[in-house]
Amino acid sequence: MPDSHLPPAEELLSIAVNALGGSERRGQITMVQAVQRAIEDEEHLAVQAGTGTGKSLAYLVPSIRHSMEADKPVVISTATIALQRQLVDRDLPRLAEALGKELPHEPTYAILKGRRNYLCRYKATAGWPEDDEQDQLFDPREVGATGRMVQRIQEWAEETETGDRDELVPGVNEQAWRQFSVSAQECLGATRCPSGAECFAEMARSRAGEVDVVVTNHALLAIDAMGDIPILPEHDMVVVDEAHELVDRVTSVVTAELSESSATLAVRRVGRLIEQPIADQLQEASEDLKALLAAAPPGRVDELPEVLGLTLALLRDTSARCVSALGPRGGDKDDPDKAGQRKAAFTALDEVHDTAVRMLEAYGHASEEDRAEVVWLEGATDRRPPALRVAPLNVGGMLRDRLFGDRTVVLTSATLALGGTFDGLARQWGLGDKGWQGIDVGSPFDHPRAGILYVAKHLPQPGRDGLPQAYLDEIAELIEAAGGRTLGLFSSMRAAKAATEALRDRLDVPLLCQGDDSTMLLVKQFAEDEATCLFGTLSLWQGVDVPGPSLTLVIIDRVPFPRPDDPLTSARQRHVAAKGGNGFMTVAATHAALLLAQGAGRLLRAQHDKGVIAVLDPRLATARYSSFLLGSLPPFWRTTDPAIPRAALKRLSTED
């Protein structure tokens, strides 16, 4: 029965903090109060909480209290595996023990991932249609390495109790794992599968239905919200941590693609199950697609060329004929192997058919304002053939209707108030006309005293021809002043590698570059040796947590706008402009502000950290949009005088 006589959330927080040996922080108390109020008022809440606020505890305490009061689980969604593991391995066990005596029972929790993340017992022991890319895409060494990984998975399958891929250490590549996992669409279902009674994915779902707190990720949250069949247990409250990532993760989930491999996979899977002439029609359409993709230039496809329209229509129609030829979807109940093959064929055919339909429907609108989706051709890489992709121009409507519709949602991150307001992200989330509040609970850091934001106003604007020599000189002088201890965040991998090559012989300190080794090992090496510098790109902008003197200087080479030729962001900009908005500010500047704030957030990770953020791009001081970008950053002490950060860094290096 729901218990309405539970201690107030603030009191529970105080008990938890004391039990964990910490001290209450003003921002943490403010956040607990705001989350509790949002629950009571059934109103959505956006909370910006700086590093060191203790926001995990601030949302977990009122969430657990609500779960017990409502007798329903709450869902916590994160963007990264690292935060999921922190919650499940550290925060929740300690909190459950601390609050166990104050609540009707000790809080329980479980982690839930997409079906692909769990070993499929049936697939591991039975014959299954091959879905690997052709071996010729891999050199012999890679095929041999994959074979050894397959053997390791087989050995692990005999002893694992969870079937969770993340427990397989060291990890395995996608090609090996696919031979032991199925998607939700391919799954036979627990009642029809011979291994259904001992299915790892079903056991994880069952555990999630019995606990107070379910920890998941943004992708699964989106799949659950957008799909017709629920994956998560029934719930009326969601906390979205790392909420600045929500739109990108949801967009990834609802982006579809057509490629030579997706079409030929459908042909292979359906080949022996239907009459050959019908399968041959799909094969011919697949070959037409392959030839078209090989000849077409990469980039956005704003108008539908006749040949592409005919090819898409042919894929749509031939895949539909194959589906019809397969017969009823529920057939072969008494033959699991045959049922598995048919389910895999239906899945591949549906993907080809539905994606072709979606791409055709992306065209034919009277105006740019009416367009809902964008289609583009992704060029070939060393690892992937070219692919045609389709994505929505806006996911706010989906989120508004499916995620925010009938539950309370708390969205939190260290970076949400861009340009000093939550409105930009709220629009992207579809919250414009919903009842919601935004609150910034601040940070425990004294930013003006702990950090300097230096903008190199005297440097030339960045160009497209790599890093100017003046930028390399500036980087070298700053690193020399800091005695190493530098995280270099670059807008592209090419720039990071160019800077590394140019400066390795020039500097007397070790210089690591992303790609030299696994990112995790590089960050570990960087953290352990104070003199070391680490250069890299996107994952370092958001994924590095190195407190202490090993990181006293963060260098950002340029304002991280999306590439002008990025198909999705450029299409979104144009779409906003067509509707009367400012496409540049709404899309490009918002993207840049988020990344810039995340990058600047790498500097202060612990209470006694000090240092400098050096932005080499003078546009942060001179451009008309600079106030918006600066308003998205923590309130560091600002300067454009190059002598000031150098003196500060030299002083810090001698103090330590």
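The values are calculated or read from the model by the stated rules, or taken from the named source; none is laboratory data. The structure displayed is predicted, hence computed values, not measured ones. Backbone-built Cβ (ideal geometry, glycine too); neighbour counts: all protein chains shown. Heavy atoms of the whole protein, side chains included, go into the accessibility calculation; ligands, DNA and RNA do not. Shrake-Rupley method; radii C 1.70, N 1.55, O 1.52, S 1.80 Å.
Scanning region 77-88 turns up no residue that is farther than 25 Å from ARG207 by Cβ, outside any strand (DSSP E or B) and either among the hydrophobic types (A, V, I, L, M, F, W, C) or under 31 Å from the mean Cα position of the chain (by Cα) (or both). Exactly one residue out of LEU478, LEU393, LEU403, LEU411 is of a type outside the set (Val, Ile, Thr), at pLDDT 95 or above and over 26 Å from ARG602 (Cβ atoms): that is LEU393. THR51 fulfils the conditions (1) of a type in the set (Val, Ile, Thr); (2) in a loop (DSSP other than H, G, I, E, B); (3) open to solvent by less than 20 Å² (accessible area, probe 1.4 Å) except for a single criterion, (3).
Step by step: first the residues of region 319-334, then only those that are assigned to a loop (DSSP other than H, G, I, E, B) and at pLDDT 75 or above, then the one that is surrounded by the fewest Cβ atoms within 10 Å (Cβ to Cβ). Which residue is that? Step through it out loud before you land on a result.
First, pick out the residues of region 319-334 that are assigned to a loop (DSSP other than H, G, I, E, B): 327-334.
Subset that is at pLDDT 75 or above: 327-329.
Working: GLY327: 12, PRO328: 7, ARG329: 11.
The extreme case among them is PRO328.
Name every residue in region 389-418 that is part of a loop (DSSP other than H, G, I, E, B), closer than 22 Å to ARG37 by Cβ and touching a helix residue (DSSP H, G or I) at 6+ places or on another chain (Cβ under 7 Å), in order of residue number. So that I can check it myself, show each step before the final result.
Step one: list which residues in region 389-418 are part of a loop (DSSP other than H, G, I, E, B), which gives 393-395, 404-407, 414-417.
Within this subset, residues satisfying the condition of being closer than 22 Å to ARG37 by Cβ are 404-407, 414, 416-417.
If the condition is that a residue be part of a loop (DSSP other than H, G, I, E, B), closer than 22 Å to ARG37 by Cβ and touching a helix residue (DSSP H, G or I) at 6+ places or on another chain (Cβ under 7 Å), then LEU416 is the only one that fits.
Where helices (runs of 4 or more DSSP H) fall entirely within region 180-298, those with at least 2 residues that are in contact with a helix residue (DSSP H, G or I) (Cβ under 6 Å, 6 or more places away or on another chain) and either aliphatic (A, V, I, L, M) or touching a residue at least 12 places away in the same chain (Cβ under 8 Å) (or both) are at 218-226, 246-254, 260-270, 276-295. Return the only residue of GLU43, GLU24 being among the acidic types (Asp, Glu) and either within 23 Å of THR415 (Cβ to Cβ) or buried (at least 23 other Cβ atoms within 10 Å of the Cβ) (or both). So the residue among GLU43, GLU24 that is among the acidic types (Asp, Glu) and either within 23 Å of THR415 (Cβ to Cβ) or buried (at least 23 other Cβ atoms within 10 Å of the Cβ) (or both) is GLU43.
Of all residues in region 524-545, exactly one satisfies the criterion of being of a type in the set (Val, Ile, Thr) and at pLDDT 95 or above, namely THR532. Residues that are open to solvent by 30 Å² or more (accessible area, probe 1.4 Å), in contact with a Ser or Thr (Cβ under 8 Å, 6 or more places away or on another chain) and not aliphatic (A, V, I, L, M) are absent from region 399-413 altogether.
Give, as residue ranges, the helices (runs of 4 or more DSSP H) completely inside region 476-595 that count at least 1 residues that are of a type in the set (Val, Ile, Thr) and within 28 Å of PRO298 (Cβ to Cβ). Before you say what the answer is, go through the steps one by one.
Details: elements: 493-503, 519-528, 538-543, 567-578.
Answer list for region 476-595: 493-503, 519-528, 567-578.
Give the residues of region 614-628 that are open to solvent by 60 Å² or more (accessible area, probe 1.4 Å) and touching a Gly at 6+ places or on another chain (Cβ under 8 Å), sorted by residue number.
Going through region 614-628, the residues open to solvent by 60 Å² or more (accessible area, probe 1.4 Å) turn out to be 622, 624, 627.
Answer for region 614-628, where residues must be open to solvent by 60 Å² or more (accessible area, probe 1.4 Å) and touching a Gly at 6+ places or on another chain (Cβ under 8 Å): just SER627.
For region 352-388, filtering for residues that are open to solvent by 10 Å² or more (accessible area, probe 1.4 Å), modelled with pLDDT of 95 or more and part of a helix (DSSP H, G or I) leaves 6.
Looking at the structure I just gave you, is LEU467 in a loop (DSSP other than H, G, I, E, B), touching an Asp or Glu at 6+ places or on another chain (Cβ under 8 Å), among the hydrophobic types (A, V, I, L, M, F, W, C) and crowded, with 17+ Cβ neighbours inside 10 Å? Let's see the steps before the verdict.
On the way: in a loop (DSSP other than H, G, I, E, B): yes; touching an Asp or Glu at 6+ places or on another chain (Cβ under 8 Å): yes; among the hydrophobic types (A, V, I, L, M, F, W, C): yes; crowded, with 17+ Cβ neighbours inside 10 Å: yes.
Yes, satisfied.
If you take the residues in region 171-183 that are of a type outside the set (D, E, K, R) and surrounded by fewer than 16 Cβ atoms within 10 Å (Cβ to Cβ), which one is nearest to ILE223 (Cα to Cα)? This residue is SER183. Figure legend. Inter-residue proximity from region 142-166: first residues more than 14 Å from ARG178 (Cβ to Cβ), second residues among the small types (Gly, Ala, Ser) and modelled with pLDDT under 90, beta-carbon distance below 7 Å, spacing 6+ or different chains. Indicated pairs: ALA157/ALA124. Does region 629-638 include one or more residues that are open to solvent by 60 Å² or more (accessible area, probe 1.4 Å) and part of a loop (DSSP other than H, G, I, E, B)? For region 629-638, residues open to solvent by 60 Å² or more (accessible area, probe 1.4 Å) and part of a loop (DSSP other than H, G, I, E, B): present.
Residue count for region 159-170 under the criterion of being open to solvent by 50 Å² or more (accessible area, probe 1.4 Å) and assigned to a loop (DSSP other than H, G, I, E, B): the result is 4. Checking each residue in region 571-586 for being open to solvent by less than 40 Å² (accessible area, probe 1.4 Å) and in contact with a Gly (Cβ under 9 Å, 6 or more places away or on another chain) picks out ARG572, HIS575, VAL576. Annotation note: of GLY631, GLY611, the sole residue that is under 25 Å from ASP440 (Cβ atoms), within 25 Å of the chain's Cα centre (by Cα) and in contact (Cβ under 8 Å) with a residue 60 or more places away in the chain is GLY631.
On the basis of being under 24 Å from CYS187 (Cβ atoms) and either part of a strand (DSSP E or B) or in contact with a Cys (Cβ under 8 Å, 6 or more places away or on another chain) (or both), does ALA124 make the cut? For ALA124, the condition - under 24 Å from CYS187 (Cβ atoms) and either part of a strand (DSSP E or B) or in contact with a Cys (Cβ under 8 Å, 6 or more places away or on another chain) (or both) - is not met. Is it true that LEU603 is part of a loop (DSSP other than H, G, I, E, B) and in contact with a Gly (Cβ under 6 Å, 6 or more places away or on another chain)? Against the criterion (part of a loop (DSSP other than H, G, I, E, B) and in contact with a Gly (Cβ under 6 Å, 6 or more places away or on another chain)), LEU603 qualifies.
Would you please name the residue that is nearest to VAL352 (Cα to Cα), looking only at residues in region 299-318 that are open to solvent by 70 Å² or more (accessible area, probe 1.4 Å) and in a helix (DSSP H, G or I)? Filtering first and then ranking leaves ARG316. The residue that is surrounded by the most Cβ atoms within 10 Å (Cβ to Cβ), among those in region 533-552 that are among the hydroxyl-bearing types (Ser, Thr, Tyr) and within 15 Å of GLY611 (Cβ to Cβ), is THR552.
Counting the residues of region 206-235 that are over 22 Å from the mean Cα position of the chain (by Cα) and open to solvent by 30 Å² or more (accessible area, probe 1.4 Å) gives 7. Every condition in (1) under 24 Å from the mean Cα position of the chain (by Cα); (2) of a type outside the set (Asp, Glu); (3) closer than 21 Å to GLU655 by Cα is met by ARG563 except one, and the failing one is (3).
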